[in-house]
Amino acid sequence: MILFDGTYRLQRQENSPTKHIGKWACSWRLRIIDFSFNQPDVQHLRPYVVVATQTGEGIFKTTCAESLGKRICKDFDLKIDEILWIEHYPDEPALYVATFKPKSYFGTEIFYAVDWRPIRPNELEAIKPFIPETENIQCH
């Protein structure tokens, strides 16, 4: 089941000196899939999938996981260790998967190091029914 399918935007801070450029700091096409809804009798290691596609809008040219990952998890009440995080860049015919490793702690807040790898065939097959434009994507 798709929990969210739309544009996710991060608003600029009120005191931002670049206010005149636009209201949004960045935007991504975001889809969140819940595998456990369709298969409640199956125990999934990662029951949620976040698929983010860069729109090219905004100031962040890095990955969505690094720039917005914690914010998206908070907004959608997701736990980082329950997510398969996939990103797509429209000018590349590939999908990449993020792995999050805790690197430091500040009180109760955790900061993560993000590593990337190409999507695996089984991961691609799992999301194809939900994301038709992955039909022409090949695994490396």
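The values are calculated or read from the model by the stated rules, or taken from the named source; none is laboratory data. None of these values were measured; they are calculated from a predicted model. We place every Cβ from the backbone using ideal geometry, glycine too, and count neighbours over all the protein chains shown.
Close contacts from the range 127-140, counting a first residue that is under 15 Å from Asn38 (Cα atoms) and a second that is loosely packed, with under 13 Cβ neighbours inside 10 Å, with Cβ to Cβ under 7 Å and a gap of 6+ residues or different chains, come to Lys128/Glu135. Among the residues of the range 99-108, at least one is in contact with a strand residue (DSSP E or B) (Cβ under 7 Å, 6 or more places away or on another chain) and surrounded by 14 or more Cβ atoms within 10 Å (Cβ to Cβ). In the range 90-127, what residues are at pLDDT below 90 and closer than 12 Å to Val51 by Cβ? Listed by number, the list is empty, since nothing qualifies. Against the test of being farther than 19 Å from Cys26 by Cα and among the charged types (D, E, K, R), the options Glu87, Glu133, Glu66 yield a single qualifying residue, Glu133. In the range 79-95, the qualifying residues are those that are closer than 20 Å to Pro132 by Cβ and without any contact (Cβ under 8 Å) to a residue 24 or more places away in the chain, and the one that is surrounded by the fewest Cβ atoms within 10 Å (Cβ to Cβ) is Asp91. For the range 124-134, the candidate set comprises residues that are hydrophobic (A, V, I, L, M, F, W, C) and in a loop (DSSP other than H, G, I, E, B); within that set, the residue that is surrounded by the fewest Cβ atoms within 10 Å (Cβ to Cβ) is Phe130.
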